[in-house]
Amino acid sequence: MAAYEGPDLLEEDFPTTEKGTAVAADDREELDNQVSSLQTKLADLNRAREKLEREKATVEESRRRFAEFQTGREEMMHELTRSLGLLEEAQLEASREAEQMARTMEDLRDALTKVDALEEVDTHDDQWKVHLTRNLTTIENARMELNAARHKWLILSGTGENERESFAAPQPTTNGLPMPASFSQLCLWGLALTWPVLLIGSVIVTVLILKS
C-alpha cells in the first residue's frame with residue numbers, strides 16, 4: 001500500500017464544507033423568518049381576538065341596557081298609571097268627604113246657634129211649660145245632630161266609651177226613674193236596694209243566736 005504524504009494530497013480528495021455551511025445558514029435564517037412571521041401572525045390574531053371580545057362585551061352590555069330600558073319603561077308606565085289612578089280616586093273621595101264635612105259643620109253651627117239662643121225658663125210665666133218643652137226639644141235636636149256627626153266622623157269619637165255613654169240622654173222608665181247607664185251602675189242600685197234587707201236579716205239572726 002502506498003503511503004500518502006501531505007504534499008501529495010489534493011483538495012478534490014477532501015472537499016471543503018463551506019458550501020454546506022452556507023446552505024445550513026440559509027435554512028436557519030429561513031426558519032427564523034418563518035418563526036418570526038408566525039409570531040407576528042399570532043400576535044395579530046391575539047389582537048383581533050381581544051378586539052372581538054371587546055366588541056362582544058360592548059354588544060352584550062348594549063343589549064342588557066336595552067332590555068333594562070324596555071323593562072323599566074313598561075314597569076314605570078304601569079306603576080305611574082296605577083299611582084295616578086289611586087291618587088285621583090283618593091282625591092275624589094277626599095273631595096266628597098270635604099263636602100260632607102262642610103255640611104256637617106254647617107249643621108253643627110246651626111245647632112250651636114240655636115242652643116246658645118235658648119233663654120232661661122221663668123216659672124212665674126204662664127207659658128213656662130211650653131218654653132221648657134221648646135228648649136228641651138232644641139237640646140235634643142242638637143244632641144241628635146252631634147251624635148250623627150260622631151257616628152259619621154271618627155275624629156269626633158276621641159272621647160272614651162264612658163264619656164259617650166254619660167253624654168247620651170238618660171232613658172226614663174215607666175215610673176219616671178232613669179235607667180242605669182251601665183252594668184256597674186245596675187249592681188250599685190241593687191246593692192242600695194237590698195242592703196236594708198240584709199241588715200235586718202243579720203240583726204234577727206244575731207238575736208236568735210243570743211237567745212239560744
Taking the stated definitions as given, is Thr104 of a type outside the set (Lys, Arg), surrounded by 10 or more Cβ atoms within 10 Å (Cβ to Cβ), modelled with pLDDT under 70 and part of a helix (DSSP H, G or I)?
no
Quick one: how many residues across segment 78-115 are closer than 13 Å to Arg143 by Cα and aliphatic (A, V, I, L, M)?
4
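Got at least one residue in segment 75-87 being assigned to a helix (DSSP H, G or I), within 30 Å of Ile155 (Cα to Cα) and among the small types (Gly, Ala, Ser)?
Yes: segment 75-87 contains one or more residues that are assigned to a helix (DSSP H, G or I), within 30 Å of Ile155 (Cα to Cα) and among the small types (Gly, Ala, Ser).
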Between Leu118, Leu132, Leu186, which is over 30 Å from Met101 (Cα atoms), at pLDDT 85 or above and of a type outside the set (Gly, Ala, Ser)?
Leu132
Kindly indicate whether Glu79 is touching a residue at least 12 places away in the same chain (Cβ under 8 Å) and exposed (fewer than 11 other Cβ atoms within 10 Å of the Cβ).
no
Could you count how many residues in segment 135-154 are touching a residue at least 24 places away in the same chain (Cβ under 8 Å) and over 17 Å from Gln100 (Cα atoms)?
6
Inspect segment 191-199 for any residue being modelled with pLDDT under 60 and outside any helix (DSSP H, G or I) and give the result as yes or no.
no
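The values are calculated or read from the model by the stated rules, or taken from the named source; none is laboratory data. Treat the numbers as computed from the prediction; the structure is a model and nothing was measured. Quick reminder, even Gly has a Cβ in these numbers, built from the backbone with ideal geometry, and neighbours come from all protein chains shown.
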